[in-house]
Every structure is written in structure tokens, then in C-alpha cells.
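Undergrad: So that we are looking at the same thing, I have put the structure below in C-alpha cells.
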Amino acid sequence: MTEVCKEEFGTAVGPVEKWTLRSGSVCVEIISLGCVIKSITTEDRSGQSADLVLGYDDLEGYLSNPRYFGAVVGRVANRIAKGRFVIDEKEYKLAINNGPNALHGGLKGFDKAVWTTEAVDNGVKLRHSSPGGDEGYPGNLNACVTYTLEKNTLSVLYHAQTDHTTPINFTNHSYFNLAGQGTPDIYDHEVTISAESYLPVDDTMIPTGEVKSVEKTLFDLRKPVLLGSRLKELPGPGFDHNFCLCSPGEPPLERKCARVVHAGSGRVLEVSTTQPGVQFYTSNFLDGTLKGKGGAAYSKHSAFCLETQNWPDAVNQPHFPDALLRPGETYTHKTCFTFSVV
């Protein structure tokens, strides 16, 4: 049985709550601002506990949170080319907040909202209503995210409904370091991603449209790969790419998509999801200027993200999985993070 408790964390545009979920050796903290996973504490093979996710000690850090630590991002996670899309012959324009593109829902996306909360069995349910026109998106949207912790598995269940066709793509943007947050890098982490293909990107990080096999490329992570040596080989600053977990049109079945092992501590993270893709990101844009928990300076390659989601810019690329939610439909996806030791 999971222990679930709530306390006040501070005040933003209203009170911000912190929910703590505790089950055995795993403890997860969630705050209602941005639906943020504030901490995930687990034990290593010798029984020593550490917090595995980057973030801040107090509410002030999360009020700006420029790198989206732990947040649920939406309405549309990842990038939309040139901040534009067309639905039913009408063009919609979004804020440009990442080079020439729109990123993670806009200037005031879901990561900046204070969500309402309620306790559920083994966890907490958070809700947010986004009005039509919010950040340029059409339709009133009711979003719901439920976090549950059962034994050593944290499950994230996403739901949404709308009254007007709108693009949608939720994810959680937690940054992990299995050696403990504040550890300088992730070079000693071993990563496996069960994907046969990935999406090459242009110089603004928008998919080119090609769905490319990982075979005989540096993106072949189907067998365990040590991150330090692979990042040295990879052109550019690191991984920030969508790995394709299924083909467009395939039903959203839950599948294991990633496994990360930190040999030093013995900690293992396994991820499963119903989403068609996972964005593997190696914190290429952290540069040491952000000070996080305990005053830690978060530097390049100090964490990794496994953002389960639809393929980036899918609203503009018809051969990608459908990115639209229509009236009468329910958007629903599930992702599970399982922690263990070897």
C-alpha cells in the first residue's frame, strides 16, 4: 500500500500543494504547479538513498523553470515548425520560443499552470482547464494527469477532452541522473532504447520527414550503449531525437521502450509507454548557470530525459502519427517508470 500525503508548498497564483507518494524504498514528490515531479528518491545496491531528478528546493525555482524540470508540458510537447499549423483550412499561429519554432506549449504552457488536485488510490490526480485560444491553440481543453506509485513503479496516466479539434501531445519532462541529481555527468550510464527507427532533424531540431532505420548508425541503441563513448562519437551536442516505437496507425499498446543502468550505484530505470515515440535528450542545453537542489550547478550532459510522446511536429507532417484530438474523443496515454537495482 502506498502512503499518500499532502502539504502546502507555497503560493503562486494561488496555493501550491506538494504531494508525497511513498512505497517501500521509492518516494515521489509532486507539486501542483506545472504538475511537476519534484523528486524521486530510491536506494542503491547498498541501501543508500538519493534523489534522481533535477529540480529546485523551493517554489521560486519552479516559477521560472526555464528548462521544464519535472513538468508536464502541453498542449503540445516538443517543437512545432515555425509555430504554425492548419486545421480545416484555418491557419493557427503560436508563440515562437525556440529559434524559429514553437516549443512545449508556448510562453505560458501547462508547466506554468497551477493544477487542481485530489487524492486517488496510491496517488494523486491533477486537472487543468485550458480555454480556447490559450497560447494560440483552438478549443477548450480539459486535461487530467494521474500519478500513482505501486511498489517500485511510478505510472503517469494522461487524459484530455476538447470541444474543437486541436493538436495535443503531453509528456513529462523529468531529467534523470541515476547516480543522484547534482552528479556532474551521465557518461557512466548505459542506455538501451527499443526502437528500429528514429527521426533525423534539421538545424532547428525539426524532423526532416524521413523515418530512418537505426541500423548501422550511432542511433542504434537496441543493445546497451555506454553514453560517454557514444556521445563522443555523435556529431552535434548530443541526443535530442525522437525514437519511433511504432508505425503510424498502429494501436497504442503499452510497450517497454527504454532501460538505463548505472553500474556504480546499481540503479536501473525501465520505461514503458503507449505513446508512439520517445524523445531521448541528454541535457545538451544545460550550461552550469542554473543552480538546482542543494546549490548544484546543472551542466551539459548532467542528466537524461526519456520524454514519451507523439512524434515532433506531427501536426505538420501527415505521414506521422495523428496529432489531433477531436470533439467526442478522449486523449489517453500511459507511461510507467520502474526503479530497481542490479
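The values are calculated or read from the model by the stated rules, or taken from the named source; none is laboratory data. Quantities reported herein were computed from a predicted structural model and do not represent experimental measurements. With ideal geometry, Cβ positions are generated from the backbone for all residues, glycine too; neighbour counts draw on all protein chains shown.
Undergrad: Note down all Cβ pairs under 6 Å where the first residue falls in region 168-189 and is over 30 Å from Tyr92 (Cβ atoms), the second is part of a strand (DSSP E or B) and of a type in the set (Gly, Ala, Ser), and they're at least six residues apart or on different chains.
TA: As it stands, the answer is Gly180/Ala50, since those pairs meet every condition given.
Undergrad: Based on this model, can you work out whether Gly236 counts as closer than 26 Å to Ala71 by Cβ and in contact with a helix residue (DSSP H, G or I) (Cβ under 9 Å, 6 or more places away or on another chain)?
TA: No.
Undergrad: Looking at region 288-316 only, could you name the residues that are under 25 Å from Cys336 (Cα atoms), of a type in the set (Phe, Trp, Tyr) and in contact with a Leu (Cβ under 7 Å, 6 or more places away or on another chain)?
TA: Within region 288-316, Trp311 is the sole residue that qualifies.
Undergrad: On the basis of being touching a strand residue (DSSP E or B) at 6+ places or on another chain (Cβ under 8 Å), over 23 Å from Asn316 (Cβ atoms) and in contact (Cβ under 8 Å) with a residue 60 or more places away in the chain, does Val114 make the cut?
TA: yes
Undergrad: What are the pairs, 6+ residues apart or on separate chains, where a residue within region 266-292 that is acidic (Asp, Glu) has its Cβ under 9 Å from a residue that is part of a loop (DSSP other than H, G, I, E, B) and surrounded by fewer than 20 Cβ atoms within 10 Å (Cβ to Cβ)?
TA: Qualifying pairs under 9 Å: Asp287/Ser299; Asp287/Lys300.
Undergrad: Which of the residues belonging to region 246-281 are of a type in the set (A, V, I, L, M) and either farther than 17 Å from Phe304 by Cβ or not in a strand (DSSP E or B) (or both)?
TA: Listed by number, the residues that qualify are Leu253, Ala263.
Undergrad: Oh, and also: Just name the residue that is farthest from the chain's Cα centre (by Cα) out of those in region 115-134 that are over 30 Å from Arg267 (Cβ atoms) and buried (at least 19 other Cβ atoms within 10 Å of the Cβ).
TA: Here the residue is Asp134.
Undergrad: Further question: Mind checking which residues of region 67-93 are farther than 20 Å from Trp115 by Cβ and either modelled with pLDDT under 95 or not charged (D, E, K, R) (or both)?
TA: Answer for region 67-93, where residues must be farther than 20 Å from Trp115 by Cβ and either modelled with pLDDT under 95 or not charged (D, E, K, R) (or both): Asn78, Ile80, Ala81, Gly83, Phe85, Val86, Ile87, Tyr92.
Undergrad: Can you tell me which residue in region 79-95 is surrounded by the fewest Cβ atoms within 10 Å (Cβ to Cβ), limited to those that are touching an Asp or Glu at 6+ places or on another chain (Cβ under 9 Å) and farther than 17 Å from Lys108 by Cβ?
TA: By that ranking, first place goes to Arg84.
Undergrad: A further question follows. Can you confirm whether Leu221 is more than 28 Å from Pro318 (Cβ to Cβ) and crowded, with 16+ Cβ neighbours inside 10 Å?
TA: no
Rundown of residues vs (1) surrounded by fewer than 19 Cβ atoms within 10 Å (Cβ to Cβ); (2) out of contact with any helix residue (DSSP H, G or I) (no Cβ under 7 Å at 6 or more places or on another chain); (3) not acidic (Asp, Glu), yes/no style:
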site	(1), (2), (3)
Arg267	no, yes, yes
Gln279	no, yes, yes
Phe285	yes, yes, yes
Phe304	no, yes, yes
Asn310	no, yes, yes
Pro321	no, no, yes
Gly328	yes, yes, yes
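Undergrad: Only one of Thr162, Thr153, Thr183 is of a type in the set (S, T, N, Q), within 27 Å of Leu325 (Cα to Cα) and modelled with pLDDT of 95 or more; which?
TA: Thr162
Undergrad: Conditions: (1) part of a loop (DSSP other than H, G, I, E, B); (2) more than 20 Å from the chain's Cα centre (by Cα). Asn284 meets all but one. Number of the miss?
TA: Unmet condition: (2).
Undergrad: Do we have Thr332 as buried (at least 21 other Cβ atoms within 10 Å of the Cβ), closer than 22 Å to Asn142 by Cβ and hydroxyl-bearing (Ser, Thr, Tyr) here?
TA: Answer is no for this residue.
Undergrad: Do we have any residue at all in region 244-257 that's under 20 Å from Asn177 (Cα atoms), of a type outside the set (Ser, Thr, Tyr), in contact (Cβ under 8 Å) with a residue 60 or more places away in the chain and crowded, with 20+ Cβ neighbours inside 10 Å?
TA: So far as region 244-257 goes, yes, one or more of its residues are under 20 Å from Asn177 (Cα atoms), of a type outside the set (Ser, Thr, Tyr), in contact (Cβ under 8 Å) with a residue 60 or more places away in the chain and crowded, with 20+ Cβ neighbours inside 10 Å.
Undergrad: Within region 317-336, restricting attention to residues that are part of a loop (DSSP other than H, G, I, E, B) and over 17 Å from Arg75 (Cα atoms), which residue is nearest to the chain's Cα centre (by Cα)?
TA: The selected residue is Phe320.
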